[in-house]
1. Order these peptides, 7-16, 251-260, by their mean beta-carbon neighbour count within 10 angstrom, highest first.
2. Calculate one ³J(HN,Hα) per residue across region 224-241 by plugging θ = phi - 60° into the Karplus curve 6.51 cos²θ - 1.76 cosθ + 1.60, and present them in order as whole Hz with x for glycine and proline.
3. Can you sort 63, 126 by how many other beta carbons sit within 10 Å, fewest first?
4. Suppose each label sits 7 Å from its Cα in the direction of the beta carbon; what would the residue 221-residue 20 distance come out to in nanometres?
5. What residues have an amide H closer than 5 Å to that of residue 16, excluding those fewer than 5 places away on the same chain, when H is modeled at 1.01 Å from N in the peptide plane?
6. Just to verify a number: FRET efficiency for residue 345 and residue 275, C-beta to C-beta distance, R0 = 22 Å, to 0.05?
Amino acid sequence: MIEEADLQAAVAAGIIGDDTKAKLLALARERGEARAAARTPAARTAPAPKFDAVHALYYAGALIVIGAMGLFSTTAFNALGGWALTTTAVLYAAGFAVLGRRLWSAPETRTPGGLAIAVAVSMAPLAVYGIQDALNLWSLGDKPGQYRDFFPLMNASWVYMEVATIAAATLALRFFPFPFILMVASVALWFLSMDLAWLILHRDPGIWGDSWEFRRQVSLIFGVAMIALGWTMDLKWAALGDFGFWLHLFGAVTFWGALSSGSGDEFGKAAYCAANIGVIAFGLFLNRRIYAVLGAIGVCGYLGYLAFDYFKDVLAFTFVLSAIGLGVIFAGIRLQRRQRAISAFIDSSMPAALRALRPARALNA
């Protein structure tokens, strides 16, 4: 922020000497060169966050292609078998990878280029499914079903597809740092959390009633792991783009869904409400709305439980509940108006070690 002319003025005013000026300029040049060297090609070419009608069409088209391949796979598999499915997936992946690379090279088409790469990554589970079927590589000797059953069902055989998808997404991100690619990986991680529990228990998903608590604990652990990974990306790679978004989304849903599916006594339900308040605070700390939304739903659910189970015959509680809702709305308005001041107060009040864990998006909110 201080230019060479400012330093020369300081010399003329007798504040610093010529030797100090020379040292400051040399230091500034060294730091500038170090910052330039730290900027990887990915950082210089990462697409800026933007979403308008054109980008909505880009994303819609990519999702349509991904969905169309899921539908087409059933017909191709029934007609020609697993090898045809793998061949189709590989050809699709190669074609979209070539298209994505060409579009990525031009700044104005980088977003559709990144989406094309994401489509190529989404072919990984399709290709692996075809190989598994052609070679009869099914866990526990049971074929889990058609590829379209990958989404509603849980089976240890899907683990191979999920791991392959995560590996393909990691490789793609190495060369094409586009956040939407992590959406495909996040879905695979989400399914992996459920299928690993099946693999550990060696149970039929249809008779999992006696292992519900175990599955819930696995979801809690996996949700926390995905949140931690998204948090790390916020801290380490924020300059490259919002790569933590999808990990926070699926991690929060996985964790909060497992948290909300637990049962307990009155103390447990009150603790659940307190945990949701903590989720909201965590969302404010990271400046991630998904936590605020899920936490608010949890708190409202608890208040609704009180209303219908304990105060259903007390009409006054309805008005109290409405007043609480209005209070939350006005608190949101107040927070929006004084967000910068509140954020600055929080930063000045918390220890330096804790402040270092706040992502740049939260510090600049």
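1. Numbers: 7-16: 12.2, 251-260: 20.5.
So the order, starting with the most tightly packed, is 251-260, 7-16.
2. Ordered by residue, 3J(HN,Hα) equals 4, 5, 5, 4, 4, 5, x, 4, 4, 5, 4, 7, 9, 10, 4, 5, 8, x Hz.
3. Starting with the residue having the fewest Cβ neighbours, the order is 63, 126.
4. Spacing of the two 7 Å Cα→Cβ label points: 6.0 nm.
5. Excluding prolines and chain starts, which carry no amide H, the hits are 11.
6. Working: r = 25 Å, r/R0 = 1.13.
Rounded to the nearest 0.05, the efficiency is 0.30.
Read-outs throughout are calculated quantities, based only on the coordinates presented, and are distinct from any laboratory measurement. Small disclaimer: the values here were computed from a predicted structure and weren't measured. Positions of Cβ are backbone-derived with ideal geometry, glycine not excepted, and every protein chain shown enters the neighbour counts.
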